[in-house]
Amino acid sequence: MKDRLLPLGIKNPVKTELPALVALEAIGQPWLGEGHLADLRAIALVSSIVGEQSSDARSVADELIGLLDATELDIQEIRPRVVALTIWLQRQPNGRVQAAITKLLSQACAREA
């Protein structure tokens, strides 16, 4: 399948927003699974790659990863960070977001090989 970059300012919400928002709703529910946690972690990892070294986005992404590593998930702490990162990612250039997603996928594939 050929990758296609979207026009500037338009993100594919199915890839960039929906999984994290569904995962937020799963927190505290009996159907919360590893896939939901992976979706939340993905938005943090993409943001940490796209964000500048000492930017607010990188700090929020690091905080979110820390919250996701906790033994108990606190939706009140996680939700504002996921929403902030989602909004921030929407304002980033499509090419940079896609490059970050591609980088993460290639790292995951390299670990599996």
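Any read-out appearing in this document is the output of simple, stated calculations on the displayed coordinates, not a laboratory observation. Since we're looking at a predicted model, the values are computed, not measured. With ideal geometry, Cβ positions are generated from the backbone for all residues, glycine too; neighbour counts draw on all protein chains shown.
I'd like the Karplus ³J(HN,Hα) series for the range 62-76: coefficients 6.51, -1.76, 1.60, θ = phi - 60°, whole numbers in Hz, and an x wherever there's a Gly or Pro.
5, 4, 4, 4, x, 5, 6, 7, 5, 5, 10, 8, 10, 4, 5
Using θ = phi - 60° and the Karplus form 6.51 cos²θ - 1.76 cosθ + 1.60, what ³J(HN,Hα) does each residue of the range 38-55 get, whole Hz, x for Gly and Pro?
Residue by residue, the range 38-55 yields 5, 5, 5, 5, 4, 5, 5, 5, 4, 5, 5, 6, 6, x, 5, 3, 10, 7 Hz.
Only Cα pairs under 8 Å and at least 6 apart count here; give the relative contact order of the range 35-113 as a rounded whole percent. Please list the in-between numbers first.
On the way: 55 pairs, mean separation 25.7, N = 79.
Result for the range 35-113 is 33 percent.
With labels modelled as points extended 7 Å from the Cα through the Cβ direction, what inter-label distance (nm, one decimal) is found for residue 111 paired with residue 49?
For the pair residue 111/residue 49, the computed spacing is 1.2 nm.
Order by neighbour count: 49, 87, fewest other Cβ atoms within 10 Å first, most last. Walk me through the numbers before you get to the answer.
Details: 49 16, 87 10.
Ranking 49, 87 by Cβ neighbours within 10 Å, fewest first, gives 87, 49.
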